[in-house]
Amino acid sequence: MSAINQALSDLAKKNGSPLTAIEQAQVMPVKQRAVLPWVVGTLGLSLALGGWAISYQAPVESLEYAPITTRTESNLVENVPSPTAKIATQSESIYRSSVRTEADLQPRSQDSKVQAVQSAPISQPAESSPLIAKVTNTQPQPVGEVVIEHVELTSAELSAKAQVLAKKALDSNDLKGALAHYNEALKYTPQNAKVRKKLSALYYGKGDVRKAVDLLQKGISLENDNISLRLALAKLLIKEKQQAAALSAVAAMLDNASVEYLSLRGGLAQKNSQDAMAMESYQKLVEMEPDSGRWWLGLGIQQERTLEFDNAKASYHKALEGMGLSGQSHQFIIDRLNLIQQLEGSKGES
């Protein structure tokens, strides 16, 4: 301003104007107000208000607590500071949205419950209470549940299961495993003749004859009238060339005796000179199968041994008329008839 006054004074003197001297006005320089605090304060206020609005309108299901530390101006919302006020900094906890993953973009389960709760962050003024969304995910209830029920198997079922395992072991050439499983099966069903015979056969094939015989004998003691066990024992002993022991296995005359049983009984009785047992067996056989030449032949031989020549001749003739005889058997019968005729002739001459 002094430069302007000086210019006016010089102009007046130059023009010779009678104007009185103009005094210079003393103007105090105006103090410059700090512009930066206002700008920072206004910017901070707008950011705070904008951040609060965004957090308030953000999707509630994607918000979570995430405390971080930041620098911010204090009291920007409540009290606007004077231009000369000192800007203070402090640390506070704010809330931010978590990054939404691809799983978050999937539709929410109907069982999820969204609860809105009010929470004031630490160092937040009491006047400001933004709403924070809290998501509680509820695990879906199972549609059904697996119920484990303990069912006790019967002895027969346990035995059948062990037999299946034994068969698989045999298919794999596992003799030890087969013996173990068949023994287990027999433990559950000791009267199972089929299992007992298989187990006995395995021991016999292994070379343990004593064990094989014991298994069959124990089975017979449990079921005295079990024909299949008696036949198995008799055949095993015949292979071991124990004819007398084999006959003892089929010595009993059973009501339910089969043709096979009676045939083996009659043949063993003849070889062991048990005439009465042999006669009984073949008489029963011709009753069961009268058309079989084999049984009439056996009966004729037994009658000839007891010197019943007439009955023997009748049985031989029936044998020749019957079925199932070989050529050698036919010749044997003819020879026996001729011999009987000679014996009868010699008796008549005497």
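Taken together, the values in this text are just the output of simple stated rules run on the coordinates, not laboratory data. Worth saying up front: this structure is predicted, and the values here are computed from it rather than measured.
Compute the convex hull volume of the Cα atoms of region 218-257, divide it by the residue count, and report the result per residue in Å³ as a whole number.
Given the Cα convex hull of region 218-257, per-residue volume reads 57 Å³.
According to the square roots a ≥ b ≥ c of the eigenvalues of the Cα gyration tensor, what is the shape class of region 274-343, taking rounded for a/c under 1.5, prolate for a/b larger than b/c otherwise, and oblate for the remainder?
oblate
Take the residue pairs K235/K318; K161/K211; K218/K241; K198/K284 and return only those whose Cα atoms are more than 26 Å apart.
K235/K318; K198/K284
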